[in-house]
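The values are calculated or read from the model by the stated rules, or taken from the named source; none is laboratory data. As the structure is a prediction and not an experimental result, all values here were calculated from the model. All Cβ positions, even for glycine, are placed from backbone atoms using ideal geometry, and neighbour counts span all protein chains on display. For the accessible areas, the whole protein counts, side chains as well, though only heavy atoms, and no ligand, DNA or RNA atoms are used. Shrake-Rupley method; radii C 1.70, N 1.55, O 1.52, S 1.80 Å.
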Amino acid sequence: MLRVENVKKSFDGELILKNIRFTVNKNEVVALIGPSGSGKSTMLRSLVHLETIDDGEIYIDGEYMVKNGKYGKPQQIRNIQRKLGMVFQHFNLFPHLTVRKNLELAPKLAKLDTDEAISQRSEQLLEKVGLGNRMDAYPSKLSGGQKQRVAIARALMMKPKLMLFDEPTSALDPELTGEVLSVMKELAAEQMTMVVVTHEMAFAKEVADRIIFMDRGEIVEEGTPDEIFQNPQNERTKAFLKRM
Ligand code: ADP
Ligand code: MG
């Protein structure tokens, strides 16, 4: 579903992603962990082309977004972007739109389906994340956990093949993280392919098929949760896990 090869990216002359390479298979859940500043968000943002990489290749669902550092045509990039759903730490809901309209805006603009089908789908997805009774609320009236569940439902509206989560619970009060993690667990159980940047080690251990540990712009180690959490090989992985 995703193949990243030799990705390099600098900010202000400093190499932030140094030759990143990894793959994600269909139906797989991959947790991306590592210290703050290690480049996890930059990597995820590059996958949806919110950042432009300097060199390398990104293939999604068999098509390239960028190959040998050269991006595909705008239409090709848009087609690929449509296959991706992204959920951010800070929700990024449209404050002037109701919950329902937050979900329906993108699919209506993209004419993904008839208005009626789109509206049915938004109702279904809001029920699924436990917010069937808040469809006409504005984001400002919701808790952080509710906002994040709306953000997940909104990303699902476009029927993504790959869901990317960037620390989806880091901005939440501890008592609200569970409701968001359980929606994500449900998605994983339904075989959604997911890449999750997270500091929730218990969640990573339980839900991820594979863990990738990044530090200072590099993938230092990757393996199954057992391999990484029970028997880490690299000193940097060990030190990070001890701190967590
Ligand atoms: P993480 O998500 O692992 O905490 P980030 O990808 O956010 O790491 O950041 C990696 C490094 O890139 C950090 O040193 C950060 O300061 C730098 N960085 C991220 N975005 C920008 C930007 N837009 N301009 C300059 N530096 C940036
Ligand atoms: Mg980050």
- Roughly how many nanometres apart are two label points built 7 Å out from the Cα toward the Cβ at S182 and K67? 4.6 nm
- Item | 5 angstrom amide H check on N27, placed H, neighbours 5+ away | T193
- Note on the structure: Dividing the mean separation of Cα pairs under 8 Å (6+ apart) by the residue count of the range 155-243 yields a relative contact order in percent of 22 percent
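Using only alpha carbon pairs under 8 Å that are at least six residues apart, calculate the relative contact order of the range 92-206 and give it in whole percent. List each step's numbers first, then the result.
Working: 123 pairs, mean separation 30.1, N = 115.
The value is 26 percent.
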- Item | Amide H partners (placed H, <5 Å) of I219, local residues excluded | R21
- With each pseudo-label sitting 7 Å past Cα toward Cβ, what's the S10-D55 distance in nm, one decimal? 1.0 nm
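How much accessible area per residue does the range 151-244 have, in Å², with a 1.4 Å probe?
44 Å²
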- Message: I'd like the accessible area for F94: 1.4 Å probe, protein heavy atoms, all chains in place, Å² to the nearest 10.
- Response: 80 Å²
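Which FRET efficiency value, to the nearest 0.05, is calculated for H199 and S143 with the Förster distance at 22 angstrom and r the Cβ-Cβ distance? Each step should come with its number before you reach the end.
Values: r = 20 Å, r/R0 = 0.92.
It comes out at approximately 0.60.
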- Query: Is it possible to state the helix-based mean residue ellipticity at 222 nm for the chain, with each DSSP H run of 4+ residues giving -39500 (n - 2.57), the sum divided by total residues, to the nearest 500 deg cm²/dmol? What is it?
  - Reply: -11000 deg cm²/dmol
- Task: Kindly write out, for the range 164-180 in residue order, the coupling ³J(HN,Hα) from the Karplus curve 6.51 cos²θ - 1.76 cosθ + 1.60 (θ = phi - 60°), rounded to whole Hz, with x marking Gly and Pro.
- Result: 10, 10, 10, 6, x, 10, 5, 8, 9, 4, x, 6, 9, 5, x, 5, 6
- Please identify, among G56, G72, G85, the residue showing maximal mean-square fluctuation in a Gaussian network model of the chain using a 10 angstrom Cα cutoff. G72
- Work out from phi, with θ = phi - 60° and the Karplus expression 6.51 cos²θ - 1.76 cosθ + 1.60, the ³J(HN,Hα) of each residue of the range 239-244, listed in order in whole Hz, and give x for Gly and Pro. 5, 5, 5, 4, 5, 6
- Query: What does the charge dipole of the range 170-226 about its Cα centre add up to, to the nearest 20 debye, if the Cβ of each Lys and Arg holds +1 and the Cβ of each Asp and Glu holds -1?
  - Reply: 100 debye
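List the relative contact order of the chain as a percent without decimals, with contacts defined as Cα pairs under 8 Å and 6+ residues apart. Intermediate values should be presented prior to the final figure.
Values: 448 pairs, mean separation 64.0, N = 244.
The normalised contact order for the chain reaches 26 percent.
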- Message: Just to confirm my numbers, what's the Cα centroid distance between the range 35-108 and the range 187-244 in Å?
- Response: 22 Å
- In straight Cα distance, which lysines are under 22 Å from K108, not counting same-chain residues fewer than 8 positions off? K83, K128, K147, K159, K161
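For the chain, which whole-number percentage of the solvent-accessible area (1.4 Å probe, protein heavy atoms only) is attributable to carbon and sulfur atoms?
Working: 5310 of 11660 Å².
The C+S portion of the solvent-accessible surface of the chain is 46 percent.
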- Could you run the Karplus curve 6.51 cos²θ - 1.76 cosθ + 1.60 with θ = phi - 60° over the range 136-143 and give me ³J(HN,Hα) per residue in whole Hz, x for Gly and Pro? 9, 7, 8, x, 4, 8, 9, 6
- Message: Using a probe radius of 1.4 Å on heavy atoms only, what accessible surface per residue do you get for the range 1-85? Whole Å² is fine.
- Response: 47 Å²
